[in-house]
1. Could you sort 14-23, 202-211 so that the peptide with the highest average Cβ count within 10 Å comes first and the rest follow in order?
2. Q170 to R60: extension gain in nm, 0.36 nm per residue of separation minus the Cα-Cα distance?
3. Along the range 191-201, what does the Karplus equation 6.51 cos²θ - 1.76 cosθ + 1.60 (θ = phi - 60°) give for ³J(HN,Hα), rounded to whole Hz, x for Gly and Pro?
4. Please compute the length gained on full extension between A15 and Q242, using 0.36 nm multiplied by the number of residues separating them and subtracting their Cα-Cα distance.
5. Can you give the % of DSSP beta bridges in the chain that are antiparallel, to the nearest 5?
6. Can you list the residues, at least 5 places off or on another chain, whose amide H is less than 5 Å from the amide H of F210, using H built in the peptide plane?
7. On C-alpha positions alone, give me the angle between the axis of helix 3-16 and the longest principal axis of the chain, in degrees, nearest 10.
8. How large is the dipole of the range 121-243 about the Cα centre if only Lys and Arg carry +1 and Asp and Glu carry -1, each at its Cβ, rounded to the nearest 20 debye?
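What follows is calculated from the coordinates using simple rules that are stated; it is not laboratory data. Computed from a predicted model, the values in this text were never measured in an experiment. Using ideal geometry, Cβ is built from the backbone for each residue, glycine included, and neighbour counts are taken over all protein chains shown.
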Amino acid sequence: MGTGSTLGLIQQKLASARSVTVLTGAGISADSGVPTFRGADGLWRNFRAEDLATPEAFKRDPRLVWEWYNWRRELIATKRPNPAHDAVASMEHRFDQFWLITQNVDGLHRDAGSRKLSEIHGNIWMVRCTQCRCVTDNRDVPIAILPLCSNCGGLLRPHIVWFGESLAEQDLEASEAALESSDLCLIIGTSGLVYPAAGFGAIAKQAGAFIVEINLDATAQSSLVDVALHGRAKDIVPLLLQA
Ligand code: BV8
Ligand code: ZN
């Protein structure tokens with residue numbers, strides 16, 4: 001099918017959808033200038049995210065891990081939502097049921113106005129105390145290393161889900177509830193490699209949802225989607241909402 005007729009099909013599906021779930025990854029923020037994880041620009045000092053985003057790495061060298069997060073905080077602080085974030089935020093008001101599940105920790109969906117969302121991997125602007133576990137907002141750029149809890153003096157860590165760490169129960173429940181009740185699921189800008197998010201498309205499919213993938217390329221999830229649109233999220237996502 002040419003993109004034109006495919007676009008028309010999806011616009012129709014969106015116009016009649018009652019319950020829409022959107023799953024996003026780093027690709028939706030690429031158009032805001034935030035490097036993706038597995039693209040060419042995904043490395044920092046030759047470390048991969050998998051090397052640094054782990055409790056073991058933080059235990060072994062908390063300064064190195066905080067330096068990596070300071071590099072990302074500095075970079076993300078200057079970035080703004082793009083038309084794809086804005087289009088997703090506007091969807092909240094169009095459908096009886098809507099939920100956004102994002103793997104991104106950059107906070108750009110919130111900046112665009114999204115409120116019906118689960119930031120399943122956390123948020124780079126939140127920190128958590130490793131002792132008293134209190135979670136606070138911290139916008140310091142850079143954050144002084146090593147940051148200590150004002151409540152109990154414990155070492156602060158990013159309030160982010162690292163590899164080998166479980167997602168918050170409430171995020172898993174909200175995500176699964178949304179996926180199981182959706183009749184349309186948009187999967188935008190994710191390579192579909194990181195679990196459990198990489199299994200979310202299959203949950204929606206199981207529930208009978210029509211699955212649309214928006215990505216530059218084919219991904220590990222492409223075999224289960226009903227329609228794939230290839231291109232930049234900032235160009236494609238706003239088009240989906242045009243009648
Ligand atoms: C869990 C926070 C239960 C960090 C992230 C061995 C031991 C322990 C665990 C595992 C293991 N083996 C496997 C696992 C499970 C593991 C996992 O899945 N690993 C993978 C690598 C195989 N998962 C976990 O550990 C999860 N927890 O399973 O708990 C458990 C508990 C104990 C033991 C076992 C299991 C936790 C996962 C969360 C990890 N944290 N982020 C940080 O950000 O600081 S994941 C990290 O990857 C980011 O959050 C990111 O969002 C996520 C996924 O990446 P993508 O978003 O997809 O980005 P990527 O760069 O890959 O792709 C970008 C895509 O966009 C591409 O497709 C590209 O084509 C496209 N694109 C680019 N530009 C555009 C575009 N598309 C459209 N427009 C554009 N302009
Ligand atoms: Zn504390």
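1. Details: 14-23: 20.4, 202-211: 17.5.
The most tightly packed comes first, giving 14-23, 202-211.
2. Working: separation 110, 0.36 × 110 = 39.60 nm, distance 2.94 nm.
Full extension from Q170 to R60 adds 36.7 nm.
3. So the J values, rounded to whole Hz, are 6, x, 10, 9, 9, x, 4, 5, x, 6, x.
4. Details: separation 227, 0.36 × 227 = 81.72 nm, distance 0.92 nm.
That pair, A15 and Q242, stretches by 80.8 nm at full extension.
5. On the way: 9 of 32 bridges.
Of all bridge pairs located within the chain, approximately 30 percent are antiparallel.
6. L184, C185
7. Approximately 80 degrees, to the nearest 10.
8. Numbers: 7 positive and 13 negative charges, 92 e Å.
Value, rounded to 20: 440 debye.
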